[in-house]
Amino acid sequence: MIRAERGANVRAFRTEVDRQAGEEARQAVNFSRPELALRVAAGVAAALVAVKLADFGLVWLNAHERVLPQFDVRLIPYHDPRFTKRDALLRRYRPPPRVIFTGDSRTKNGFDPEVIARELGVEPALFFNFGTGSQVLRFAREAFVPHLVEMGVRPRYLVFGITPEHLLNRAIGRVLLEKYRSSLAFRMSHPEPGGDRVERGLSFFLARHLALYRYRGDLVERELVPDLRCWFRRQCDETTQGVSAPFKRIELLDGWITPYGWNPQAWDALLPGDFVGRPRFSERDPVDRQGLTGLIGQVREAGMTPVFIEMPLHPSFWAAHEPALSRIFAVLEEVAAAEGAGVIRPKGDYRDPALFVDGHHLSRRGAAYFSAQIARDLAPYVRDGN
């Protein structure tokens, strides 16, 4: 009997203890929920502040040319940092320029609107240099001209600085198009159909931060990795044609662009000026005759007049690429004559190697000389009164 009573008392005591422990646990949970929510909110806020500080730091360092001097990280990027910068500069033009120069890297290093304007006694804002780097006819037709049309920028004259590679039918055209169309800026300007204004606004807000993360990736690839290679392996230079220069110096020089789009060659005064190395093209490379004809018609349909200028080349470049070079330029002149498009050949003396960096990219001195010479040929287009 006594044992039974003791057992009952023990069970009752345990039940009461369990009940009180459960109650205390429930109270502890109830008390901890607000505290947990507060901690989570504080953590999220701290993370957001850290991200914003990192964003601010990246923008500040870039603005002071401490990091990524080729880029302007305030801009949503296209496939190439120099394309991105020129796009932003051209959008600020009011009114649009009368003449836009486009072509590959020889164009962006060659036409200096300020020199041309000074020679003609006009404002440099009449001109803009939108050289795109490695441009070929396919890229001009499927990307560049539509890009101008979408911007609402239709110059009276669209002047193509023509080099032999510009006219060749090569795979680089497809590669450039893929890069351009997959760039963040292009995808944001061509959103999927549907969606309201709030959704689009949110997308652009997120795109801005996504762009900054993309630039952080460029920072790792273009600066952190070369820095580590320099510190640990003593490989601190970029090299071309057997000549070395600090990679940061080349990045800085290559990222400098005037308000009118001219970009001096980063390797200026570092290379001998003559062309050296293997030929860049041969007789076997096909000329994109159909693409050239289509480009002329497309430019005219967009309300612009196409003009072609054969870019100057050093005699060493001509010697290394004949007879292919003459054949390619002959196709240009033949097609342009059939379509009634203007072709200009530079009339200056380009035998001095100091006018070039490598036989086909103009040095600063070469760009000034070429721009002053070509201004005389461009005078009728600037003063035609239309």
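Numbers at a glance
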read-out: Spans of helices (runs of 4 or more DSSP H) in segment 304-386 with at least 1 residues closer than 24 Å to GLY261 by Cβ and at pLDDT 95 or above; value: 324-339, 364-382
read-out: Residue satisfying condition, being at pLDDT 95 or above and either within 24 Å of the chain's Cα centre (by Cα) or surrounded by fewer than 20 Cβ atoms within 10 Å (Cβ to Cβ) (or both), within set LEU295, LEU252; value: LEU295
read-out: Residues satisfying the stated conditions in segment 149-173, i.e. surrounded by fewer than 21 Cβ atoms within 10 Å (Cβ to Cβ) and over 25 Å from ALA368 (Cα atoms); value: VAL149, GLU150, MET151, GLY152, VAL153, ARG154, LEU168, ASN169, ARG170, ALA171, ILE172
read-out: Candidate set: segment 52-98, residues that are part of a loop (DSSP other than H, G, I, E, B) and of a type in the set (A, V, I, L, M, F, W, C); chosen: the one farthest from LEU184 (Cα to Cα); value: VAL67
read-out: Filter pass, ALA117 being farther than 28 Å from LEU355 by Cβ, assigned by TED's automatic domain parsing to the domain that holds ALA354 and modelled with pLDDT of 95 or more; value: no
read-out: Matching residues, segment 127-158, being of a type in the set (S, T, N, Q) and touching a Gly at 6+ places or on another chain (Cβ under 6 Å); value: ASN129, GLN135
read-out: Within segment 272-303, considering residues that are assigned to a helix (DSSP H, G or I) and without any contact (Cβ under 8 Å) to a residue 40 or more places away in the chain, the one farthest from VAL331 (Cα to Cα); value: GLU301
read-out: Close pairs from segment 91-112: first on the phi > 0 side of the Ramachandran plot, partner among the hydrophobic types (A, V, I, L, M, F, W, C), Cβ under 7 Å, at least 6 apart; value: GLY103/PHE160; GLY103/ILE162
read-out: Cβ-Cβ under 6 Å pairs, at least 6 apart or on other chains, segment 324-347 side in contact (Cβ under 8 Å) with a residue 12 or more places away in the chain and in the same structural domain as ARG376 (by TED's automatic domain parsing), far side small (Gly, Ala, Ser) and assigned to a loop (DSSP other than H, G, I, E, B); value: ALA324/SER282
read-out: Segment 149-164 - residue that is assigned to a helix (DSSP H, G or I) and among the hydrophobic types (A, V, I, L, M, F, W, C) and, of those, farthest from PRO96 (Cα to Cα); value: VAL149
read-out: Elements of type helices (runs of 4 or more DSSP H) in segment 171-235, at least 1 residues being of a type in the set (Gly, Ala, Ser); value: 172-182, 184-189, 197-219
read-out: Residues satisfying the stated conditions in segment 118-148, i.e. in contact (Cβ under 8 Å) with a residue 12 or more places away in the chain, part of a loop (DSSP other than H, G, I, E, B) and either touching a Pro at 6+ places or on another chain (Cβ under 7 Å) or farther than 18 Å from ASP104 by Cβ (or both); value: VAL122
read-out: Total residues in segment 330-386, condition more than 29 Å from the chain's Cα centre (by Cα) and of a type in the set (Val, Ile, Thr); value: 2
read-out: Meets criteria (at pLDDT 90 or above, out of contact with any helix residue (DSSP H, G or I) (no Cβ under 9 Å at 6 or more places or on another chain) and not assigned by TED's automatic domain parsing to the domain that holds ARG365) for LEU224; value: yes
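The values are calculated or read from the model by the stated rules, or taken from the named source; none is laboratory data. In this text the structure is predicted, and so the values were computed from the model without any measurement. Virtual Cβ from ideal backbone geometry, glycine too; neighbours counted across all protein chains shown.
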